[in-house]
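Working notes, beginning with the structure itself.
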Ligand code: BGC
């Protein structure tokens, strides 16, 4: 046999075995497209590959997942649901209510999920008493990310009040830097708004306005103050903010072109991916005015009902991998979030991860833990989208603060 023939035969055998392995496969719809996010996806893909499960990637860019959810709806309507989907809070509940999600109860019981997933997450992972999603992490939105060298150059120490935070931004602006790195997309403005509402009104107000949707709170002077704070933030972004992706805004802080970014801790994934260390080259602290509280969101994987038994087995293998304690460490170190499980020691995490884990536990114990409106954990997708519209219109100068608060009342009422 010639060398060439031998080679062809080897390739054919390899192809055959690849086909056999690929029969066990998950198609995963997600919105993890930045550098740090892609690295985190890589840890999941590799973990599944080690167990013989193939990965078909279905990424749809756009933080908060609105665009991914639009694509998902089209796929399901066409009778072609992906096997697994990254999903947030109330969206999980909506799909479960439609009867579209696979029941994970027996795996959850075998692995004792109920004992290690906190109640605030189980509220979204379960529907009608059954497990319908596997939570991989907890993120939170009330963080500021800062460039340490630039803080030192400008003589800025960590601000501990809203006034000090504004003063620090003023110093950066006066020195010719971009004070606040921001990407002008509705979900990014909404992400900052979570903290402005919490900072202006405190936990009870956040609950009344964002969770209970009380019209009196939504239209209150406190809400006007939250919008005023958004206008203050607007005055510290650069001229090119419009449409910028969040990770490009993070890159401005990484590069020392900008002082701060208000963003969820997926931003930490970008710093880490750039080879920077928490507490050294970059800093994290809670948005001044929100200390003691955490506005959280949790990425969960929901498995869609599929007929094929091998696909069902792959779904369970994926859910099992996602919930394993080892994987929750590996993944969250890269992603910037903290584990969804409460039984994971924090010692392997960096300074921001350890702070995040401690603050999450404290907030949960003291009644300071709230779902993020911007990331689908405070109210339904339709209310969330209605809020996005008002917040972004105000940020772009369409409404003054008082009009924005009034518009919020109307928009929320219509969306319910
Ligand atoms: C998700 C994060 C993601 C971020 C930006 C959030 O809604 O929960 O996992 O990194 O959006 O894409």
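FYI, it's all coordinate maths here, none of it is from the lab. The structure presented is a predicted model; accordingly, all values stated were derived computationally and were not measured. Every residue, glycine as well, gets a Cβ built from its backbone with ideal geometry; the counts of neighbours run over all protein chains shown.
Observations on the model:
- Residue 74 without any contact (Cβ under 8 Å) to a residue 24 or more places away in the chain and either in contact with a strand residue (DSSP E or B) (Cβ under 9 Å, 6 or more places away or on another chain) or buried (at least 17 other Cβ atoms within 10 Å of the Cβ) (or both): no
- Entirely in segment 282-325, the strands (runs of 3 or more DSSP E) that have 2 or more residues that are in contact with a strand residue (DSSP E or B) (Cβ under 8 Å, 6 or more places away or on another chain) and more than 18 Å from residue 81 (Cβ to Cβ): 282-286, 294-297
Residues are listed down the side, and each one gets a yes or a no for (1) surrounded by fewer than 21 Cβ atoms within 10 Å (Cβ to Cβ); (2) assigned to a helix (DSSP H, G or I):
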position	(1), (2)
121	no, yes
124	no, yes
153	yes, yes
158	yes, no
172	no, yes
191	no, yes
195	no, yes
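- Selected residue (only one of 88, 44 is closer than 20 Å to residue 330 by Cα, within 16 Å of the ligand (Cβ to nearest atom) and in contact (Cβ under 8 Å) with a residue 24 or more places away in the chain): 44
To keep it simple, each residue is scored yes or no on (1) under 16 Å from residue 194 (Cβ atoms); (2) surrounded by fewer than 21 Cβ atoms within 10 Å (Cβ to Cβ).
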| residue | (1), (2) |
| --- | --- |
| 358 | no, yes |
| 362 | no, yes |
| 365 | no, yes |
| 369 | yes, no |
| 373 | yes, no |
| 385 | yes, yes |
| 388 | yes, no |
| 397 | no, yes |
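- One residue from 213, 154, 218, 121 being touching a residue at least 24 places away in the same chain (Cβ under 8 Å) and touching a strand residue (DSSP E or B) at 6+ places or on another chain (Cβ under 6 Å): 121
- All of (1) more than 16 Å from the ligand (Cβ to nearest atom); (2) buried (at least 20 other Cβ atoms within 10 Å of the Cβ); (3) not in a strand (DSSP E or B) hold for residue 149 with one exception: (2).
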